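Since the structure comes first, as structure tokens, the remarks are kept for the end.
Every number in this text was worked out from the coordinates using simple rules, so none of it is lab data. From a predicted model like this one, the values you see are computed outputs, not experimental measurements. Cβ sites come from the backbone with ideal geometry, for glycine too, and all protein chains shown count toward neighbours.
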Amino acid sequence: MIIKNSELETVCGVTSKLPDNSLPEIAFAGKSNVGKSSLINALMNRKSLARTSSQPGKTQTINYYNINHELYFVDLPGYGYAKVSKEIKEKWGKMIESYLKNSKQLKKVFLLIDIRHEPSQNDKNMFNWIVYQGYQPVIIATKLDKIKRSQVQKHLKMLRTGLEAGKETQMIPFSSETKQGRDEILLLVDSCINC
Ligand code: GTP
Ligand code: MG
């Protein structure tokens with residue numbers, strides 16, 4: 001797919017009602033700082049439409065990007081950011097859960113996990129929650145440029161084992177620095193239009 005047009009259309013905070021969209025939605029979930037907003041920018045070919053930061057906890061709202069007037073990319077706040085209060089963590093958690101549970105147009109969920117590290121308990125919970133809601137998450141193993149090429153298969157196996165994900169779970173290694181994996185992800189995005 002060629003993304004010709006992308007714009008931030010809706011921003012939802014903790015108390016906002018989710019928009020009643022009629023286009024399909026693709027959501028990007030994952031731990032704080034894992035690279036969700038960077039992946040969205042890479043897919044859109046935009047440097048900084050989705051705001052990124054080296055500080056975790058940058059995205060604190062649910063942001064809907066209208067893509068070619070065909071679908072939405074939904075950038076979710078990250079979970080597991082240690083430095084915010086328990087109360088805020090719970091609010092963000094509820095917001096993410098409520099989105100995954102209630103969005104009528106959600107067609108696909110990408111769950112991002114840093115390729116370098118074993119999945120955390122939060123990652124496992126999120127994977128199971130997405131499955132419980134009836135979706136088959138696609139795992140994007142981010143920050144691929146941070147490990148040696150010879151280590152990639154070993155690390156993918158570590159993620160699969162850690163999540164207890166079966167063979168049916170697709171995993172795509174990706175780097176927002178080199179854009180490796182971008183085309184494969186865009187093919188999946190394509191398959192969500194008119195689905
Ligand atoms: P929150 O909004 O806080 O949940 O974070 P996020 O998941 O949206 O992460 P973001 O895209 O803001 O990226 C966090 C940091 O990781 C930034 O400093 C990015 O430049 C960096 N980063 C993201 N993806 C990659 C990658 O593929 N490779 C490398 N080397 N750095 C990356
Ligand atoms: Mg973000």
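Tabulated values for the structure
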| read-out | value |
| --- | --- |
| Pairs where the first residue, in the stretch 175-192, is touching a residue at least 60 places away in the same chain (Cβ under 8 Å) and the second is surrounded by fewer than 15 Cβ atoms within 10 Å (Cβ to Cβ) and among the hydrophobic types (A, V, I, L, M, F, W, C), C-beta under 9 Å, 6+ apart | Leu186/Ile2 |
| Total residues in the stretch 136-151, condition more than 16 Å from Gly35 (Cβ to Cβ) and part of a helix (DSSP H, G or I) | 3 |
| Breaking point among (1) surrounded by fewer than 21 Cβ atoms within 10 Å (Cβ to Cβ); (2) under 20 Å from Gln133 (Cα atoms); (3) not acidic (Asp, Glu), for Lys31 | (1) |
| Any chance Tyr64 is more than 12 Å from ligand 1 (Cβ to nearest atom), touching a residue at least 24 places away in the same chain (Cβ under 8 Å), of a type outside the set (Lys, Arg) and touching a Pro at 6+ places or on another chain (Cβ under 7 Å) | yes |
| Filtered residues of the stretch 107-135 (kept if outside any helix (DSSP H, G or I) and either without any contact (Cβ under 8 Å) to a residue 40 or more places away in the chain or not aliphatic (A, V, I, L, M) (or both)) | Lys107, Lys108, Phe110, Asp114, Arg116, His117, Glu118, Pro119, Ser120, Gln133, Gly134, Tyr135 |
| Selection from the stretch 5-15 of residues that are more than 19 Å from the chain's Cα centre (by Cα) and in contact (Cβ under 8 Å) with a residue 24 or more places away in the chain | Asn5 |
| Number of positions in the stretch 90-138 that are more than 20 Å from Gln170 (Cα to Cα), touching a helix residue (DSSP H, G or I) at 6+ places or on another chain (Cβ under 9 Å) and buried (at least 18 other Cβ atoms within 10 Å of the Cβ) | 1 |
| Flag if Lys179 is of a type in the set (D, E, K, R), part of a loop (DSSP other than H, G, I, E, B) and either touching a Leu at 6+ places or on another chain (Cβ under 9 Å) or within 15 Å of ligand 1 (Cβ to nearest atom) (or both) | yes |
| Given (1) near ligand 2 (Cβ under 9 Å from one of its atoms); (2) surrounded by fewer than 16 Cβ atoms within 10 Å (Cβ to Cβ); (3) touching a residue at least 24 places away in the same chain (Cβ under 8 Å); (4) charged (D, E, K, R), index of the condition Lys36 fails | (2) |
| Residues within the stretch 48-89 that are closer than 14 Å to Lys31 by Cα and over 16 Å from the mean Cα position of the chain (by Cα), tallied | 6 |
